[in-house]
Structure formats: C-alpha cells, structure tokens
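The values are calculated or read from the model by the stated rules, or taken from the named source; none is laboratory data. Keep in mind that this is a model prediction, so the values were computed, not measured. With ideal geometry, Cβ positions are generated from the backbone for all residues, glycine too; neighbour counts draw on all protein chains shown. Just the protein is used for accessible areas: all its heavy atoms, side chains included, with ligands, DNA and RNA removed. Shrake-Rupley method; radii C 1.70, N 1.55, O 1.52, S 1.80 Å.
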Amino acid sequence: MVSEPIINAIKQARRIVVFSGAGMSAESGIPTFRDDWVGLWQQYDPMELATAEAFKKDPELVWGWYEWRRARLEQAQPNAGHLALAQWQKHYPLTIITQNEDNLHKRAGSYSVIHMHGSLNAAYCSLCKHPHPLPRAPVNLPLEGGRIAPPSCELCQGLVRPGVVWFGEPLLQADLRAAIYAAENSDLVLAVGTSGVVQPAALIPYWAKEKGALVIQVNPKESSIDEVSDYNVRQSAATVLPYIVQALGYN
Ligand code: APR
C-alpha cells in the first residue's frame, strides 16, 4: 500500500503541504477534467468551456455548465480521502492547497485550505465584480445539463459569472502568494490527484522541491508530477489517505 520509507518521511516532516487536484474529488463522483463528461457536456472540452471567451460567446451554456456542476456537487459527499485529511488536521497543522473549485475539503471539516482556482460556490458580476450570493443550486436540472441564463448583477445589471479562475485568467494574487509561501516553507508535499498540467498551480511541487522538500505523489496513473516526485503511490486518494492517517496513529 504505502511503503515504510514514505510513512517514516511523513512522520519526520515538520511542515507538510497537501496539494490536491480533481482526482481528490473523483471518488465523490465529481468528474475530473480528463474524464468523459455526460450529456450536453460530452460535446465540449472543459478547457474550452472554462474560459472568459466561452462565457462572452454563450453565457447561458457556460452558466448552465457551472450550475449543473454546482448541483452535482451539492448532491456529492466528501470521500474517505477528504475525511482523512480533516482527521489528520486535528493532530497536525497540514496546509491544503487545492486546484479544485469544489468545497469538499471544507465540508469534510478541513481548515487552512488555499483555493488556487476559486470556488463553484462563489459568483460575481462580470462587469463591476460585485459579489453575487448564490442560492442552492437548482435541483431539477436535467441529468444531461442545459443552458441557463446567468443572473444579473443587483448593482449594474451586468451578467453574473462563476467565481472561478478560468484558463488564461490570472490567479487571485492573495491565493497565489499564500500557496507559494506554503510550498516554499514546506519540507514535504503530498500531491494528490493532479495531472500537473495547469500552470502556475502545477509549479507548487517544484517550488517546494527547490527549497529542499520531499515530493510524494498519490495518483493511480502517471502524470506530469512524476518527474518531480521522489515517490509515486499508484493508488487512489480515498484508499491511500486513510491508510496514511491510520499509520500515523491519528485515527
Ligand atoms: N485518486 C487520485 N488521483 C486520481 C483519482 C483518484 N481516485 N482519479 C483520477 N485521478 C488523477 C488522474 O489520473 C489525473 O492525473 O487525477 C488527475 C486529475 O487531473 P485533471 O483532471 O487534469 O485535474 P487537475 O490536475 O486538478 O487539473 C485541472 O485545471 O481545469 C483547471 O481549474 C481546473 O483545477 C482544475 C485544473
């Protein structure tokens, strides 16, 4: 499962960062960006839908995708991997840096979570940036998804957009600075469920390694993180993380 050298390295580490990607939420039923999508979304590439250009061109399609994802998220539950990290944080000050737009780390009970790509549960005006509180996601969405007209800003009537970082957009400076600081001051990075292809988030393990940190990857498949990893655990997040927490005696 997880070799003794890995468990010993984790036991000896003083400042651990967990860096999670979409694979962290896969066992909660949330499709990753490399998975096959269903219904309407099958004909679109997530990398193309998650852009300001797509929203400008067809706001109802993009808003419909995010509302469909938000509705699925509300039906999903944190998996054993999320819960293991929350349990771990009860005994040890883990910092979690996530690329995920879901709120499953928080719903599992984790604190100190840095969201590098924003949140499905945040929204703001695409014109004046005024925050737009979201009601619960629609419950009667068709399984295959569909177009939904985005709400209008209460201040300027601009179109409300998802509070996520789209491809080609800059990350929120505060989140990026916090993530870089955590990575550069860590002595061990546990990279869980990320393909390591989306910059600058994918640099987290590299920034840590440059400062002498050990990098351990948890991913059933090879990824771009392989080249910077000292160890690769070819198993799933919901299998490995509970095992680690048990081996640390934090259950
Ligand atoms: N446990 C661990 N890893 C898993 C699991 C699992 N159960 N299931 C899949 N994986 C791995 C896949 O092998 C893949 O390498 O998770 C990775 C998911 O990769 P991506 O879908 O590319 O997700 P991510 O690395 O988070 O990058 C996508 O870019 O699209 C933007 O903001 C978006 O945060 C998102 C990021």
Residues of segment 22-38 satisfying the condition of being outside any helix (DSSP H, G or I), within 9 Å of the ligand (Cβ to nearest atom) and under 9 Å from Gly81 (Cβ atoms): Glu27
Kindly indicate whether Leu176 is open to solvent by less than 60 Å² (accessible area, probe 1.4 Å) and part of a strand (DSSP E or B). no
Would you point out which residue out of Ala183, Ala202, Ala208, Ala149 is in contact with a helix residue (DSSP H, G or I) (Cβ under 8 Å, 6 or more places away or on another chain) and within 15 Å of the ligand (Cβ to nearest atom)? Ala202
Scan of segment 217-251 for residues that are within 13 Å of the ligand (Cβ to nearest atom), of a type in the set (Gly, Ala, Ser) and not in a loop (DSSP other than H, G, I, E, B), ordered by number: Ser224, Ala237, Ala238
Considering residues of segment 1-21 that are among the basic types (Lys, Arg) and part of a loop (DSSP other than H, G, I, E, B) only, the residue nearest to the ligand (Cβ to nearest atom): Arg15
Residue in segment 74-92 that is of a type in the set (Phe, Trp, Tyr), away from the ligand (no atom under 15 Å from the Cβ) and either outside the structural domain of Val218 (by TED's automatic domain parsing) or closer than 18 Å to Ala122 by Cα (or both) present: no
When you go through Ala71, Ala54, Ala50 one by one, which is the residue that is closer than 24 Å to Arg147 by Cα, near the ligand (Cβ under 10 Å from one of its atoms) and either charged (D, E, K, R) or outside the structural domain of Tyr206 (by TED's automatic domain parsing) (or both)? Ala50
Taking the condition more than 30 Å from Glu184 (Cβ to Cβ), open to solvent by 40 Å² or more (accessible area, probe 1.4 Å) and either modelled with pLDDT of 95 or more or of a type in the set (A, V, I, L, M, F, W, C) (or both), does Lys90 pass? no
Extreme residue, farthest from Gly145 (Cα to Cα), among residues of segment 93-105 that are more than 16 Å from the ligand (Cβ to nearest atom) and open to solvent by 20 Å² or more (accessible area, probe 1.4 Å): Pro93
With the first residue restricted to segment 220-243 and required to be under 17 Å from Leu203 (Cβ atoms), and the second required to be part of a helix (DSSP H, G or I) and hydroxyl-bearing (Ser, Thr, Tyr), Cβ contacts under 6 Å at 6 or more apart or on different chains are Val228/Tyr206
